[in-house]
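Peer 1: Can you keep this structure in mind? I'll have questions shortly.
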Amino acid sequence: MSENTAATHAARTVIELREKIISGQLTGGTRLFEVPLAEELQISRTPLRDAMSRLTEEGLLERLKNGGFVVRTFTMDDVVDAIELRGVLEGTAARLAAERGAAPELLSRMECLVSELDDCFGDAHNTVDFERYSELNAEFHQILASLSGSDIVRREVERVCRLPFASPSAFLPDRSDIVAFRRSLQVAQEQHRAIAAAIAAREGSRAEHLAREHARTARRNLDYVLRQEANLRDQVPSLAIVSN
């Protein structure tokens, strides 16, 4: 098998395994056995090991002392901590972008994204195109990490965002009829606009504060799902890997 083919198989396996974990098909504490898993995924054991090592780096798997891998178990405290950490890292990225001066082409793209996100809201903001919003929102946060001008900060933001419950679009059920979620997206969109403006104006402290507060939108949506609309829990796939 060529190196390119092996890399392609490993990448595909990462996606398939990640989906199985996030969807709850592989629950926390599940030991992954190479032979049966390789047969199930129709892949050789070498790219499977590469994929499991990648998911260990992402934090979804743990490497056992005696060899092998196990699906990691997350608590609600882990979820809250991951959200807070994303806020700290993105706040740092926003501050550095403002203080160092953002790359004009990236800042221009961020401003375009803000306009495109506006278009996700229907007339009078009574409807939201959740799928489109999620795609654009993810790109906004990728741009934000890159605007820092620091490869270290960018990599660490990307790392924490790989945890499904810490990703920028975590806890967004595909339900446009829920007023609370529409309202939270409207607030988040105003924060997008303010973050872009603060970076452009070279206001480092303000940009950092806005980005950290923006990350807490995920925390508020999580609280809403758990405390007020528990029936939505099954519609938020990332919660399948979180223990009560």
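The values are calculated or read from the model by the stated rules, or taken from the named source; none is laboratory data. Everything numeric in this text was worked out from a predicted model, so none of it was measured. When we count neighbours, we look across all protein chains shown, and the Cβ atoms used for this are built from the backbone with ideal geometry, even at glycine. Keep in mind that these areas ignore ligands, DNA and RNA; they rest on the heavy atoms of the full protein, side chains included. Shrake-Rupley method; radii C 1.70, N 1.55, O 1.52, S 1.80 Å.
Peer 1: Round to the nearest 0.05 the FRET efficiency obtained for E39 and S243 when R0 = 22 Å and r is the Cβ-Cβ distance.
Peer 2: It comes to 0.15.
Peer 1: Roughly speaking, what is the centre-to-centre gap between the range 10-32 and the range 49-94 when only Cα atoms are used, to the nearest Å?
Peer 2: The two parts, judged by their Cα centres, are 13 Å apart.
Peer 1: What angle, in degrees between 0 and 90 and rounded to the nearest 10, separates the Cα long axis of helix 3-22 from the longest principal axis of the Cα atoms of the chain?
Peer 2: Roughly 80 degrees between the two axes.
Peer 1: Take peptides 33-46, 81-94, 151-164, 99-112 and line them up by average Cβ neighbours within 10 Å, highest first, as a rough protection proxy.
Peer 2: Highest mean packing first, the order is 81-94, 151-164, 99-112, 33-46.
Peer 1: Net charge around V160, counting only other residues with Cβ within less than 13 Å of its Cβ (Lys, Arg = +1; Asp, Glu = -1)?
Peer 2: Every neighbour counted, the sum reads -3.
Peer 1: Given points 7 Å out from each Cα along the Cα-Cβ axis, report the V80 to E16 separation in nanometres with one decimal.
Peer 2: 3.8 nm
Peer 1: Treating the angle as unsigned and between 0 and 90°, give the value, to the nearest 10°, between the Cα long axis of helix 204-227 and the longest Cα principal axis of the chain.
Peer 2: That works out to roughly 60 degrees.
Peer 1: Relative to the longest principal axis of the C-alpha atoms of the chain, give the angle of the C-alpha long axis of helix 130-147, reported between 0 and 90° and rounded to the nearest 10°.
Peer 2: 80 degrees
Peer 1: Need one number: the % of Cα-Cα pairs in the chain sitting beyond the 34 Å mark.
Peer 2: So the pairs more than 34 Å apart make up 23 percent of the total in the chain.
Peer 1: Calculate what fraction, in whole %, of the accessible area of the chain sits on carbon and sulfur atoms when a 1.4 Å probe is rolled over the protein chains.
Peer 2: Looking at the chain in its full context, I get 47 percent from C and S.
Peer 1: Per DSSP H run of at least 4 residues, take -39500 (n - 2.57); add these up for the chain, divide by its residues and hand me the 222 nm value, nearest 500 deg cm²/dmol.
Peer 2: It comes out at -21500 deg cm²/dmol, rounded to the nearest 500.
Peer 1: Now for a separate question. Over the range 1-112, with the other protein chains present, what is the accessible area per residue in square angstrom, probe 1.4 angstrom?
Peer 2: About 53 Å² of surface per residue is accessible.
Peer 1: With each label point set 7 Å from Cα along the Cα-Cβ vector, what nm distance links R155 and E131?
Peer 2: So the label points at R155 and E131 sit 3.6 nm apart.
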